[in-house]
Amino acid sequence: MAENGTDYLIRSVCVLLIFTSVGFLLVVNGYYTGQRYADLDAAADFTKGTCTVTAVQHSARSGTAGSEFQCVGGNCPQSCDDYYVYFLDATSLGVLEAPQHSEPEVVERSADQLCPSSTPQQPSVLGLEAGDAVPCWAATDPTSIPRHNSGADGMQPSEGYICGSLRCVKINDPATEASALQSAGSGLVVGGIFAMVLGLALIAMGAKSAFFEPV
């Protein structure tokens, strides 16, 4: 019994440290993520209007499928995606510069092959063509809004609105992006609390096994 109790104590300390540490990091990260994007207000950051599609540009790009956690031994799943960029006449929103290009519409072509993939080009989900009118949003102050940056261009990676040009004329509702960023913080906090509770539950189960069940 004494040996089981000692083993339980060692295991419980290890479990508690692991789950508490992970949970704490998630809660802290979630809190700061929520605070960072708490002030996002798509209704104030963007003006909604109607744009006209002037041209559609397609390209195929290779990338890494899934998340970094799926990489094993430095080998990450490879993907091939179809990118559709829409050039927009946004004069109705007061954007008088040459046609603005939207953020890309990304359609997965292959989750296990680099481009060129044996899988044929996948069609656009939006299906927009030149001449089509489409709801659009333009940043009220393009210099102040937080923008998403993958870091591929050498700049610091960051999260924010996905923009295709400096004026940030979008065809996807920015309110949806703002909501997703704000919800991400809450999700991390909930995940952190769950990790800590799970750690305590495992310790309780270990205590029952070590002290209350016959050896």
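Cβ separations smaller than 6 Å between residues 6+ apart or across chains give the following pairs from segment 106-134 residues that are surrounded by 14 or more Cβ atoms within 10 Å (Cβ to Cβ) to residues that are polar (S, T, N, Q) and modelled with pLDDT of 90 or more: 107/122; 109/122.
Selection of segment 42-63 for residues being under 18 Å from the mean Cα position of the chain (by Cα) and in contact (Cβ under 8 Å) with a residue 24 or more places away in the chain yields only 42.
The residues of segment 41-61 that are hydroxyl-bearing (Ser, Thr, Tyr) and within 27 Å of residue 141 (Cβ to Cβ), listed by number, are 47, 50, 52, 54. Do you know which residues across segment 155-175 are in a loop (DSSP other than H, G, I, E, B), of a type outside the set (Gly, Ala, Ser) and modelled with pLDDT of 80 or more? 162, 163, 166, 167, 168, 171, 172, 173, listed by residue number. Go through the residues of segment 100-113 one by one and say whether even a single one is hydrophobic (A, V, I, L, M, F, W, C), modelled with pLDDT under 85 and in a loop (DSSP other than H, G, I, E, B). Looking through segment 100-113, at least one residue is hydrophobic (A, V, I, L, M, F, W, C), modelled with pLDDT under 85 and in a loop (DSSP other than H, G, I, E, B). Here residue 54 fulfils each of the conditions (1) modelled with pLDDT under 75; (2) surrounded by 15 or more Cβ atoms within 10 Å (Cβ to Cβ); (3) of a type outside the set (Gly, Ala, Ser) apart from (1). The criterion of being more than 22 Å from the chain's Cα centre (by Cα), at pLDDT 70 or above and closer than 16 Å to residue 165 by Cβ holds for residue 96. The residues on offer are 195, 152, 201, 178, and the sole one that is part of a helix (DSSP H, G or I), at pLDDT below 75 and either within 30 Å of residue 94 (Cα to Cα) or among the aliphatic types (A, V, I, L, M) (or both) is 201.
The values are calculated or read from the model by the stated rules, or taken from the named source; none is laboratory data. These figures come from a predicted structure and were not determined experimentally. Quick reminder, even Gly has a Cβ in these numbers, built from the backbone with ideal geometry, and neighbours come from all protein chains shown.
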